[in-house]
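Student: Questions regarding the structure given below will be posed in turn.
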């Protein structure tokens with residue numbers, strides 16, 4: 001197998017490996033019209049070594065006060081970082097700690113190579129889509145994909161609006177003209193997957209623990225376009241193992257979106273993705289597959305994003321052949337021809353920060369899995385996927401770990417073949 005030389009993080013300014021967060025408790029008060037957010041974040045963490053300060057990621061919001069282990073703390077907030085240290089000097093010792101941050105302001109997305117990320121106003125509501133570095137736009141956090149924690153998210157907003165967040169709805173209280181919605185996400189979650197959707201939505205159950213939220217006037221189209229989610233869930237559960245969360249919600253916002261986005265336990269689509277004819281059903285399959293690959297199994301480092309997008313793209317092909325449409329072989333042949341015609345300057349397992357969402361991450365990732373399927377055969381290939389998803393459930397993963405597991409499924413020497421797909425710049429021939 002090719003020896004991999006460790007490389008610096010794509011986003012060295014984000015996150016801190018000196019501590020790990022165990023739980024985020026977020027209490028938010030949001031006014032839609034003026035885009036005004038007030039928040040209290042209570043963070044339970046564990047310092048891994050002695051620290052003179054603890055650093056959190058937090059964007060352009062005003063910090064009004066910080067407590068460290070229940071006592072007033074010193075803090076400095078600049079450059080997207082909130083630095084917290086004990087008052088009067090001293091250091092933070094290894095072990096458990098709590099930080100409480102009170103903050104407020106007008107949240108705005110984080111500017112990036114790929115557009116604006118994080119908390120963003122819609123024409124009448126809010127969408128939160130943070131991948132990969134937008135979580136700090138709305139709460140203080142350790143913004144790195146390998147630091148997964150449980151969450152409680154409580155949002156108070158005007159009563160005409162519905163709030164959808166990660167996990168299960170455990171409380172809803174109306175007081176005067178506002179309603180507080182409380183969600184509990186007990187399975188560990190990466191910060192970029194934490195999400196709040198606010199809008200004037202209708203909610204409906206669609207079977208097998210799946211839900212659908214959509215604006216008024218879209219019921220017929222939405223129910224048709226998402227009507228086969230229960231079937232999809234059955235297909236993917238058979239191929240990948242049991243669905244990893246308690247429920248799943250597809251949200252259709254009343255605005256156009258360039259692409260759908262996934263969050264843990266939910267996916268978000270634009271009104272332009274719903275035509276009433278299942279014209280974008282492959283995207284429905286793609287986002288559902290992310291619940292296994294990306295949300296339950298999260299890449300420990302962003303360079304391994306193909307473990308999210310390549311797998312979700314291949315799930316589109318699995319769904320296509322499962323419902324009697326084009327076979328995975330057909331999809332693979334078409335996309336191999338297209339990628340072969342492009343410049344041969346792309347490394348799947350280390351695409352570079354600017355190419356995280358390059359179409360080749362998706363399609364070459366799917367082709368890599370199809371090449372492995374041809375080598376192993378269907379029985380062994382899907383057994384491998386089920387073991388991969390089950391053994392790493394709610395954890396973090398790497399390309400090297402996937403290769404190590406794949407090598408256990410054959411006595412043939414194919415590590416060089418897979419290494420060429422993952423670490424070579426030229427597109428290999430399909431086995």
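Student: Quick one: which residue in 45, 60, 73, 13 is surrounded by 15 or more Cβ atoms within 10 Å (Cβ to Cβ) and either assigned to a loop (DSSP other than H, G, I, E, B) or touching a residue at least 40 places away in the same chain (Cβ under 8 Å) (or both)?
Tutor: On the way: 60 fails: surrounded by 15 or more Cβ atoms within 10 Å (Cβ to Cβ); 73 fails: either assigned to a loop (DSSP other than H, G, I, E, B) or touching a residue at least 40 places away in the same chain (Cβ under 8 Å) (or both); 13 fails: surrounded by 15 or more Cβ atoms within 10 Å (Cβ to Cβ).
Checking each option against the conditions leaves just 45.
Student: Across region 104-143, what is the total count of residues that are more than 27 Å from residue 256 (Cα to Cα) and crowded, with 24+ Cβ neighbours inside 10 Å? Even if it seems obvious, please write down each step before you answer.
Tutor: Applying the first criterion (more than 27 Å from residue 256 (Cα to Cα)) to region 104-143 yields 104, 140-143.
This time we only want the ones that are crowded, with 24+ Cβ neighbours inside 10 Å, so: 140-143.
Of the residues in that region, 4 qualify.
Student: Could you tell me whether region 290-304 includes any residue that is within 23 Å of residue 223 (Cβ to Cβ), within 15 Å of the chain's Cα centre (by Cα) and not assigned by TED's automatic domain parsing to the domain that holds residue 365?
Tutor: Here is the first cut: in region 290-304, the ones within 23 Å of residue 223 (Cβ to Cβ) are 290-291.
Filter once more, so that each one left must be within 15 Å of the chain's Cα centre (by Cα): 290-291.
When the remaining residues are screened for being not assigned by TED's automatic domain parsing to the domain that holds residue 365, the result is 290-291.
Within region 290-304, one or more residues are within 23 Å of residue 223 (Cβ to Cβ), within 15 Å of the chain's Cα centre (by Cα) and not assigned by TED's automatic domain parsing to the domain that holds residue 365.
Student: Right, here's the next one. If a residue has to be in a helix (DSSP H, G or I) and loosely packed, with under 15 Cβ neighbours inside 10 Å to count, how many in region 408-431 make the cut? Steps first, please.
Tutor: Here is the first cut: in region 408-431, the ones in a helix (DSSP H, G or I) are 415-423.
Filter once more, so that each one left must be loosely packed, with under 15 Cβ neighbours inside 10 Å: 416.
Number of matching residues: 1.
Student: Does region 295-309 include one or more residues that are buried (at least 21 other Cβ atoms within 10 Å of the Cβ), modelled with pLDDT of 95 or more and more than 21 Å from residue 364 (Cβ to Cβ)?
Tutor: Taking every residue of region 295-309 in turn, at least one turns out to be buried (at least 21 other Cβ atoms within 10 Å of the Cβ), modelled with pLDDT of 95 or more and more than 21 Å from residue 364 (Cβ to Cβ).
Student: Have a look at 343, 351 and point out the one that is over 24 Å from residue 409 (Cα atoms) and free of Cβ contacts under 8 Å to residues at least 12 places away in the same chain.
Tutor: On the way: 351 fails: free of Cβ contacts under 8 Å to residues at least 12 places away in the same chain.
Sole residue among the options that is over 24 Å from residue 409 (Cα atoms) and free of Cβ contacts under 8 Å to residues at least 12 places away in the same chain: 343.
Student: Considering only region 175-183, I want to know if a residue exists there that is crowded, with 20+ Cβ neighbours inside 10 Å, at pLDDT 95 or above and at negative phi.
Tutor: Of region 175-183, the ones crowded, with 20+ Cβ neighbours inside 10 Å are 181, 183.
Keeping just the survivors that are at pLDDT 95 or above gives 181, 183.
Subsequent filtering for residues that are at negative phi retains 181, 183.
Yes, region 175-183 contains at least one residue that is crowded, with 20+ Cβ neighbours inside 10 Å, at pLDDT 95 or above and at negative phi.
Student: Additional query: Among the numbered criteria (1) surrounded by fewer than 17 Cβ atoms within 10 Å (Cβ to Cβ); (2) at positive phi; (3) free of Cβ contacts under 8 Å to residues at least 60 places away in the same chain, which single criterion is violated by residue 159?
Tutor: In the conditions (1) surrounded by fewer than 17 Cβ atoms within 10 Å (Cβ to Cβ); (2) at positive phi; (3) free of Cβ contacts under 8 Å to residues at least 60 places away in the same chain, residue 159 misses (2) alone.
Student: Grab the strands (runs of 3 or more DSSP E) fully contained in region 202-317, keeping just those with 1 or more residues being without any contact (Cβ under 8 Å) to a residue 60 or more places away in the chain and under 28 Å from residue 390 (Cβ atoms). Talk me through it step by step, then tell me what you get.
Tutor: Values: elements: 210-215, 248-252, 261-263, 266-269.
Hits in region 202-317: 210-215, 248-252, 266-269.
Student: Here's something else I'd like to know. Answer yes if at least one residue in region 374-383 is surrounded by fewer than 20 Cβ atoms within 10 Å (Cβ to Cβ), within 26 Å of the chain's Cα centre (by Cα) and within 23 Å of residue 10 (Cβ to Cβ), and no otherwise.
Tutor: Taking every residue of region 374-383 in turn, none turns out to be surrounded by fewer than 20 Cβ atoms within 10 Å (Cβ to Cβ), within 26 Å of the chain's Cα centre (by Cα) and within 23 Å of residue 10 (Cβ to Cβ).
The values are calculated or read from the model by the stated rules, or taken from the named source; none is laboratory data. Every value quoted in this text rests on a predicted model; they were computed, and no experiment measured them. All Cβ positions, even for glycine, are placed from backbone atoms using ideal geometry, and neighbour counts span all protein chains on display.
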